[in-house]
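Engineer: Structure provided below as structure tokens; questions to follow.
The values are calculated or read from the model by the stated rules, or taken from the named source; none is laboratory data. Predicted model only: the values in this text are computed from it and were never measured. When we count neighbours, we look across all protein chains shown, and the Cβ atoms used for this are built from the backbone with ideal geometry, even at glycine.
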Amino acid sequence: MARNAEKAMTTLARWRQSQLDDTGTGDKQRRPYLASECHDLKEAQKWRLDIIREVSKKVTQIQNAGLGEFRIRDLNDQINKLLREKRHWEYRIHQLGGFTHKTGPRFENTGREVVGNRGYKYFGAAKDLPGVRELFSHEPPLIPRKTRAELMRDIDADYYGFRDEDDGVIVAEEQKLEKQLLAEVMASNGIEEFQELNDKSVDNDLDDDLDSSGPKRFISYVPYIPTQEEVQQELLRRKKQELLEKYTSGDN
């Protein structure tokens, strides 16, 4: 009888110690609620390893499908919460001058994300929960990739911004904005005597660019384009000049 009582006391003592460790009311130091509250690099690394051990323990527990749906969902939520906390501590370690952790522990690769719900993973038996299994059964649609030739078909002068100013709309809007910015600069610097001259110059530019019929539809980028009649006259003049030079040189 005494032996059974001793066993019960030992089991009770172990359970009590585990409760103290989980709640942090025992001799174990409690992890800071925010990673930013820690200012020591070694302490931050210690808390990161502590989280990894805790996550590893819960990942092992969640493999048991007999825990029940509610317990499995709760464990999966706790694991994701701890993983977010681990990333906060890794960022804090980097701020304190520590090593940048680019890859996580091996157990993170066992988790699976649902398409469209990035950042939340399902571990162990949580993948087979009602409603979760259906999400993984639908494969994401494959997006066909365009070849380089197909991409080049859509690249033309408009892609590089050519002819954007031909309609006259952008130029007018830029000049209006320029007028407004110049007025604000002058007002902030106490310059008022040149404001009327600036307004007149901007208005004249707008009047030149916009006629009564609306914005220009065509802009010539050369100073002058001759007509077909002028081209023929120039060709005829050059022909006469060549004949004149030919016969004149023969007489001499």
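Engineer: Do you know which of the residues in the stretch 65-78 that are at pLDDT below 90 and touching a helix residue (DSSP H, G or I) at 6+ places or on another chain (Cβ under 8 Å) is surrounded by the most Cβ atoms within 10 Å (Cβ to Cβ)?
Structural biologist: L67
Engineer: Oh, and also: Which one of these does L177 not meet: (1) outside the structural domain of N109 (by TED's automatic domain parsing); (2) part of a loop (DSSP other than H, G, I, E, B)?
Structural biologist: (2)
Engineer: Suppose we filter the stretch 112-131 for residues that are assigned to a helix (DSSP H, G or I) and buried (at least 16 other Cβ atoms within 10 Å of the Cβ); how many remain?
Structural biologist: Total satisfying the criteria: 4.
Engineer: Separate question: Inspect all residues belonging to the stretch 89-111 and state whether any of them is part of a strand (DSSP E or B) and either at pLDDT 85 or above or farther than 16 Å from A35 by Cβ (or both).
Structural biologist: Among the residues of the stretch 89-111, not one is part of a strand (DSSP E or B) and either at pLDDT 85 or above or farther than 16 Å from A35 by Cβ (or both), which makes the answer no.
Engineer: If you go through the stretch 75-95 one residue at a time, how many are touching a Cys at 6+ places or on another chain (Cβ under 9 Å) and either without any contact (Cβ under 8 Å) to a residue 24 or more places away in the chain or not hydrophobic (A, V, I, L, M, F, W, C) (or both)?
Structural biologist: 1
Engineer: Those residues that are free of Cβ contacts under 8 Å to residues at least 40 places away in the same chain, surrounded by 11 or more Cβ atoms within 10 Å (Cβ to Cβ) and not β-branched (V, I, T), I need them from the stretch 164-179; list them, please.
Structural biologist: Listed by number, the residues that qualify are D164, E174, Q175, K176, E178, K179.
Engineer: Given the criteria surrounded by 15 or more Cβ atoms within 10 Å (Cβ to Cβ) and outside any helix (DSSP H, G or I), does K86 qualify?
Structural biologist: no
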